[in-house]
Amino acid sequence: MNFKISSPGKLLITSEYCVLKGAQAFAIPTKFKQHLNFKYKGSNNLTWKSFDYDNSLWFECEFEIEKFDIIKNQNDLSLTLQKILRSAKKLNPNFLSKNQGGEIITTLDFSKDWGLGTSSTIINNIAKWSNISSYELLWANYNGSGYDVACAQSSKPILYALNNRLPVIKEIDFNPTFSKNLFFVYLNAKKDSNEEVDNFISQKTDKSFINNISKLSSRFIKSKSLKEFQKCIIEHEELISQILRKEKVKNKYFLDYDGEIKSLGAWGGDFILAAGPENSNDYFFDKGFKTVFNFNTIF
């Protein structure tokens with residue numbers, strides 16, 4: 001059977017790292033999605049082609065479908081995809097049975113280098129295609145919290161938390177009157193967070209610290225003014241910089257910015273959130289950061 005699905009990318013606004021230890025996180029699914037299109041051909045092979053947002057082919061491989069052995073283009077990416085497909089098969093043995101092969105084409109609305117969820121959206125797309133739990137598939141392959149998969153299944157902003165390893169998700173409304181003052185800036189550096197996630201998990205974290213981060217998530221959402229939102233950013237950055245023992249991104253790169261700046265996701269790469277003047281994009285362009293989205297453009 002042919003199959004099509006699309007899943008939105010994500011941005012984690014609060015509780016980076018801390019969401020792994022039960023903190024409530026505020027996250028938003030993006031307008032930008034990853035699309036998966038399976039064409040049934042009745043074969044015993046699965047060909048796979050992935051295209052970036054500029055329509056360039058960035059990944060290609062071929063599997064046989066019994067054990068997902070790689071027939072063509074074995075590399076780190078195809079081995080990762082092989083592991084995901086094998087996990088899907090283990091969770092649903094009827095997935096891609098004999099003579100059910102065909103061709104997969106995936107396309108992105110966002111650059112694969114932006115950190116908006118190339119992995120989480122493909123996890124969700126494959127899970128829906130194979131009729132299994134997206135979270136089970138995620139945790140069979142990655143050590144993340146699952147907030148990104150929750151975003152991949154949502155059309156609205158969410159509050160997300162883990163309670164005894166079970167996702168607790170609440171869809172919310174977030175329509176700030178100061179949306180024209182919020183910007184997302186790509187730092188021109190893709191950040192792999194797996195090692196830092198492992199380091200954070202191994203650290204001891206006070207319950208009061210996690211509670212304070214959760215309270216901040218609620219305050220971000222309830223902010224009635226830009227000034228109130230900026231105050232939340234200052235407090236959140238201070239707390240996370242202390243526990244990660246890392247310099248705040250504003251102090252490191254943007255000390256002269258007339259507003260506040262918050263790291264998103266893995267500190268040191270991917271996107272930052274800027275809350276400041278409506279012409280903030282000019283400031284970042286002058287600094288050499290050309291990928292800048294206003295809140296209303298990306299959500």
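The values are calculated or read from the model by the stated rules, or taken from the named source; none is laboratory data. In this text, all values refer to a predicted model and were calculated from it rather than measured experimentally. Here Cβ is always computed from backbone atoms with ideal geometry, including for glycine, and neighbour counts include all displayed protein chains.
Tabulated values for the structure
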{"item": "Residues of the range 96-122 satisfying the condition of being on the phi > 0 side of the Ramachandran plot and either hydrophobic (A, V, I, L, M, F, W, C) or crowded, with 21+ Cβ neighbours inside 10 Å (or both)", "result": "Leu96, Gly115, Gly117"}
{"item": "Residues of the range 264-299 classified as surrounded by 16 or more Cβ atoms within 10 Å (Cβ to Cβ) and acidic (Asp, Glu), total", "result": "1"}
{"item": "Members of the range 21-57 found to be under 26 Å from Phe220 (Cβ atoms) and among the hydroxyl-bearing types (Ser, Thr, Tyr), listed by number", "result": "Thr30"}
{"item": "Residue identified as in contact (Cβ under 8 Å) with a residue 12 or more places away in the chain and in contact with a helix residue (DSSP H, G or I) (Cβ under 7 Å, 6 or more places away or on another chain) among Ser134, Ser119, Ser155", "result": "Ser134"}
{"item": "Residue selected from the range 200-214 under the condition part of a helix (DSSP H, G or I) and surrounded by fewer than 12 Cβ atoms within 10 Å (Cβ to Cβ), by the criterion modelled with the highest pLDDT", "result": "Ser208"}
{"item": "In the range 1-47, the residues that are over 25 Å from Leu108 (Cα atoms), touching a Gly at 6+ places or on another chain (Cβ under 6 Å) and in a strand (DSSP E or B)", "result": "Ser43"}
{"item": "Scope the range 114-139; condition closer than 13 Å to Pro8 by Cβ, among the hydrophobic types (A, V, I, L, M, F, W, C) and either outside the structural domain of Ala150 (by TED's automatic domain parsing) or within 10 Å of the chain's Cα centre (by Cα) (or both); matching residues", "result": "Leu116"}
{"item": "Unmet requirement for Asn143, which otherwise passes all of (1) more than 11 Å from the chain's Cα centre (by Cα); (2) modelled with pLDDT of 95 or more", "result": "(2)"}
{"item": "Residue within the range 65-74 that is touching a residue at least 24 places away in the same chain (Cβ under 8 Å) and within 26 Å of Glu16 (Cα to Cα) present", "result": "no"}
{"item": "Criterion violated by Ile261 - all others in (1) surrounded by fewer than 18 Cβ atoms within 10 Å (Cβ to Cβ); (2) outside any helix (DSSP H, G or I) satisfied", "result": "(1)"}
{"item": "Among the candidates Phe293, Phe289, Phe285, Phe220, residue that is assigned to a loop (DSSP other than H, G, I, E, B) and either within 15 Å of Val185 (Cα to Cα) or out of contact with any Lys or Arg (no Cβ under 9 Å at 6 or more places or on another chain) (or both)", "result": "Phe289"}
{"item": "Pairs where the first residue, in the range 52-63, is assigned by TED's automatic domain parsing to the domain that holds Thr118 and without any contact (Cβ under 8 Å) to a residue 60 or more places away in the chain and the second is of a type in the set (Lys, Arg) and assigned to a strand (DSSP E or B), C-beta under 6 Å, 6+ apart", "result": "Glu60/Lys49; Cys61/Lys72; Glu62/Lys72"}
{"item": "Candidates Lys252, Lys246 - the one that is under 25 Å from Ser120 (Cβ atoms), among the basic types (Lys, Arg), out of contact with any strand residue (DSSP E or B) (no Cβ under 7 Å at 6 or more places or on another chain) and modelled with pLDDT under 95", "result": "Lys246"}
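To keep it simple, each residue is scored yes or no on (1) in contact with a Phe, Trp or Tyr (Cβ under 7 Å, 6 or more places away or on another chain); (2) surrounded by fewer than 17 Cβ atoms within 10 Å (Cβ to Cβ); (3) of a type in the set (Asp, Glu).
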| position | (1), (2), (3) |
| --- | --- |
| Thr14 | yes, no, no |
| Leu20 | yes, no, no |
| His35 | no, yes, no |
| Leu46 | yes, no, no |
| Cys61 | yes, no, no |
| Glu64 | no, yes, yes |
| Phe68 | no, no, no |
